[in-house]
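Written below as C-alpha cells is the structure these notes are about.
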Amino acid sequence: MAQDGDWGRLAEYVLERRIELDLTQAEVQAAGGPSPAVQRQIEGALSQSYQRRVLAALERALRWERGSVRAVLAGGEAIPMPEPEPGDPPGIRAVTQDASLPYEVRMEMARVGRKMLAERESSRA
C-alpha cells in the first residue's frame, strides 16, 4: 500500500487532470480507473492509504505515465502519456497509449510504424 506523501497535492492534480481530459468520475472508472467512491476519497484527500493497483489504475485512466502518482506524492510532476499524432492508424494509436510498455519502447515502436507507413505510401506513388 502507498502511504507516504502529500495527499492534498495529489488530490489537486487528479481533479485538475480529470477536468483537463473532460472526464466524469464514471468515465474515469469506465477507462479502467477506480470507482467514483474511491475517486472522491482521492480527490478529497480523505485517505492516505491505497493499494498500488488502485493508484496504477488511476494513472492509466488519467493517461499518466507509470509512476506519476508516486512522483506527485513526492513533490514532483505527473507525466502525461503522449497523444497519438493526427492521422495515426489504430495500431500506432494503441501502441502510444499502452501503459504496460515503457515510454521509450512505445515511442520507438510508433516511430518505426510511422516510418514503415510512409515508405509504403511513397512506394505506391
(request) Tell me what the chain gives for mean residue ellipticity at 222 nm when only DSSP H runs of n ≥ 4 count, each as -39,500 (n - 2.57), the sum divided by the residue total, rounded to 500 deg cm²/dmol. (result) -17500 deg cm²/dmol
(request) Considering the options Ala37, Leu58, Val95, tell which one lies farthest towards the positive end of the dipole of the chain, charges being +1 on Lys and Arg and -1 on Asp and Glu at the Cβ, about the Cα centre. (result) Val95
(request) Working from Cα positions, state the angle (0 to 90°, nearest 10) between the long axis of helix 7-20 and the longest principal axis of the chain. (result) 40
(message) Assuming 0.36 nm per residue, please report the length gained on full extension of the stretch Ile19 to Arg124 beyond their Cα-Cα distance.
(response) 33.5 nm
(request) For Tyr50, list long-range residues whose amide hydrogen, built 1.01 Å from N in the peptide plane, is under 5 Å from its own amide hydrogen. (result) Ala2
(request) Any chance you could list the semi-axes, whole Å, largest first, of the equivalent ellipsoid that the Cα gyration tensor gives for the range 7-73, using √(5λ)? (result) 15, 13, 12
(request) Could you go through the range 67-76 in sequence order and give the Karplus-derived ³J(HN,Hα) for each residue, using 6.51 cos²θ - 1.76 cosθ + 1.60 with θ = phi - 60°, rounded to whole Hz, and x for Gly and Pro? (result) x, 5, 4, 4, 5, 5, 4, 8, x, x
(message) Using the Cα centre of the chain as the reference point, and only Cβ charges (+1 on K/R, -1 on D/E), how large is the resulting charge dipole? Debye, rounded to the nearest 20.
(response) 400
(request) Quickly work out the Ala30-to-Leu117 label distance, labels modelled 7 Å from Cα along the C-beta direction, and quote it in nm with one decimal. (result) 2.6
(message) If N is the number of residues in the chain, what value comes out of its Cα radius of gyration divided by 2.2 N^0.38 Å?
(response) 1.24
(request) Find how many whole Å separate the alpha carbon centroid of the range 79-125 from the alpha carbon centroid of the range 3-34. (result) 26
(message) Rounding to the nearest 10 and keeping the result within 0 to 90°, find how far the Cα-based axis of helix 103-124 lies from the longest principal axis of the chain.
(response) 20
(request) Tell me which residues come under 5 Å, amide H to amide H, from Trp64 once H is placed; ignore anything under 5 positions away on its chain. (result) Met81
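Just so you know, all these numbers are worked out from the coordinates, no wet-lab data involved. Everything quoted here is computed from the prediction, not taken from an experiment. Glycine also receives a Cβ, built like all others from the backbone with ideal geometry; neighbour counts cover every protein chain displayed.
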